[in-house]
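S.K.: Before I ask anything, here is the structure I am working with.
The values are calculated or read from the model by the stated rules, or taken from the named source; none is laboratory data. Not measured: the values here are computed from a predicted model. Virtual Cβ from ideal backbone geometry, glycine too; neighbours counted across all protein chains shown.
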Amino acid sequence: MVNVHIMTQLVHARLVRPVVIGLVLPVILLVVGAVCYDISSFEPRRNEITKLLASANPDESHPPAQLRRVIVVAHKNYDISNYVARQLLFYFDDVKNEGIGWNLRFAMWVRLIRFHYDNEEIVGLYAVLADRDHIKGLGNLSQKYFSKPIPQLTEDECALLVASLQIPFSETERLRARANEILKDLAKSKRMTDGRGS
């Protein structure tokens with residue numbers, strides 16, 4: 001009876017150990033790879049990113065609540081970190097966004113941005129890095145298209161401004177449709193928030 005028990009343990013150990021190692025080892029390697037990439041590639045850029053936020057127009061680095069809500073609602077199906085990662089990669093390297101190497105880098109930057117920055121900083125980076133028609137920053141875009149600073153924008157203008165990052169102002173019908181979609185989602189979000197508060 002003892003021999004059967006010992007044999008069962010040996011067989012179990014021989015079968016389970018390779019499976020556990022096969023499952024755990026790739027995870028460990030991924031974590032180590034991510035940490036190494038963070039230290040070697042992302043970390044050296046963090047000071048530049050911090051300076052970019054610190055030197056930006058305060059209306060961009062810390063957008064007013066109304067604009068912040070519009071940005072968050074506009075990206076309900078698309079993480080803001082994705083936009084920020086793409087813009088930062090272009091800002092630092094001006095490379096084409098193609099190929100598996102670029103896509104792997106992009107995926108790492110999205111995760112590292114989420115890891116190193118809070119939501120308010122990510123929204124600030126979004127506003128600072130926004131780019132349309134070679135005009136950088138939502139503050140500059142606001143001046144160009146509405147002739148006023150961000151804090152003076154109406155909710156409708158905020159929606160148009162954010163929508164313009166996807167659809168140019170020259171395509172007025174599509175732009176208006178997207179802005180209306182954002183405003184509808186914003187109203188829905190407010191109703192849900194109000195419903196929870198009461």
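S.K.: Give the residue, chosen from Leu186, Leu138, Leu153, Leu175, that is surrounded by 12 or more Cβ atoms within 10 Å (Cβ to Cβ), touching a Phe, Trp or Tyr at 6+ places or on another chain (Cβ under 7 Å) and touching a residue at least 60 places away in the same chain (Cβ under 8 Å).
M.R.: Residue meeting the stated conditions: Leu153.
S.K.: Right, another one. Restricting the search to the stretch 75-111, which residues are over 20 Å from Leu53 (Cβ atoms), in contact with a helix residue (DSSP H, G or I) (Cβ under 8 Å, 6 or more places away or on another chain) and at pLDDT below 85?
M.R.: Lys76, Val95, Lys96, Asn97, Trp102
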